[in-house]
Amino acid sequence: MDIYLQQLPQQLVNGLTLGGVYALIAIGYTMVYGILGMLNFAHGEIYMIGGFTGWWVLHLLSRNNQVIMGAALVISLMIVLAMGVSGLVGLMTERFAYRPLRKAPRMNLLLSALGVSIFLQNLVLTYQGAKVRVFHITSLIPENIRVFHIGTTVISFMRVLVIAVTFLLMGLLTIMIKKTKVGKAMRATAQDIEAASFMGIDVDRIVVVVFLIGSALGGAAGVLVGLLFTQVDYYVGFQAGLKGFTAAVLGGIGSIQGAMVGGILLGLTESLAVTFLPSAYKDVVAFVILITVLIIRPWGLMGEKVPEKV
């Protein structure tokens, strides 16, 4: 038991790191579902494109695996450009794949989302190949701060960076949702899209903003995971999308706060499971908890029970 207690702080740090990333991905799922009632299964591929964008920025700004400008500027450019490219892909997806089908049956939207997912995955495979792209980050972080110790807990600079950026982005999103006119319009549209339209809210504009923000956050998550685990490939979006969707359902799909809580809980659950069980079982434990929560509370931890319309 003493060994487990010694490992607990380390696994909590690992869990917060993973959980923050899962939360960013889950927000993209839950925002789109909250407005349109559809599952954007292409969101994992948008996350993957963000990771590749970050890799290309680092690659173009490096010579012989050494960055040609300040590390802080390079990392900032990686995150900002990944968010921009992923946001643009999200906008194009909404405009050409989803908007024409908005009034069609939901099954049509679901099939369209699956089609976009397969298209984006194969597009990246065609132009980037199946080879894993490696983030050479040794030149970004000075050796004296790459890793530091707090007692028996080992904390890398990249984990601190991931936790800080993810919680910063979630904080900014929360402020935007609660304090700005666009945020209020988003909440109104999520509650009742027809009523919001009657009240003068430009629903099409809100949908565009939702796809832009959700996709940009997914792109940021792609870069952060690339920096943390130092690699990206064309298939990485599938697993990440699955975990993000699980976090969104766990927290209550349609609830932004629920997506944040669900992501953090999922990350902590996986990390703590590794402490007591073989690492191969971490996904099993996470999905068992998800199933248990959905049996007891089908609308998720922070979701709202919606009465069925007769």
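Derivation of every value follows stated rules applied to the coordinates shown; laboratory data play no part. The structure displayed is predicted, hence computed values, not measured ones. Cβ atoms come from the backbone with ideal geometry, glycine included; neighbour counts cover every protein chain shown.
Here are the numbers:
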{"read-out": "Rh by Kirkwood over Cα pairs, then Stokes-Einstein D for the range 15-296 at 1.567 mPa s and 4 °C, µm²/s", "value": "67"}
{"read-out": "Folded to 0 to 90 degrees: helix 106-128 orientation relative to the chain principal axis, Cα", "value": "30"}
{"read-out": "Acute angle (nearest 10 degrees) that the helix 157-179 long axis makes with the longest principal axis of the chain, alpha-carbon atoms", "value": "20"}
{"read-out": "GNM result for the chain, Cα springs below 10 Å: residue of 177, 46, 296 fluctuating most strongly", "value": "296"}
{"read-out": "Estimated FRET transfer efficiency when R0 is 35 angstrom, pair residue 69-residue 108 (beta carbons, to 0.05)", "value": "0.15"}
{"read-out": "Signed unit charges on C-beta, dipole axis of the range 74-221, positive-most listed residue 200, 90, 110", "value": "200"}
{"read-out": "Using alpha-carbon coordinates, inclination of helix 282-296 to the longest axis of the chain, degrees", "value": "30"}
{"read-out": "Point-to-point label distance, residue 178-residue 204, nm (Cα→Cβ direction, 7 Å offset)", "value": "3.3"}
{"read-out": "Relative exposure of 291, 213, judged by other C-beta atoms within 10 Å (fewest first)", "value": "291, 213"}
{"read-out": "For the range 24-50 versus the range 67-115, the gap between their alpha-carbon centres in whole angstrom", "value": "9"}
{"read-out": "Computed [θ] at 222 nm, helices only, for the chain once each DSSP H run of length n ≥ 4 contributes -39500 (n - 2.57)", "value": "-24000 deg cm²/dmol"}
{"read-out": "For the chain, size of Cβ-based charge dipole, Lys and Arg +1, Asp and Glu -1, in debye", "value": "480"}
{"read-out": "Reduced Cα scattering model of the range 169-310, Debye log10 I(q)/I(0), q = 0.17 Å⁻¹", "value": "-1.09"}
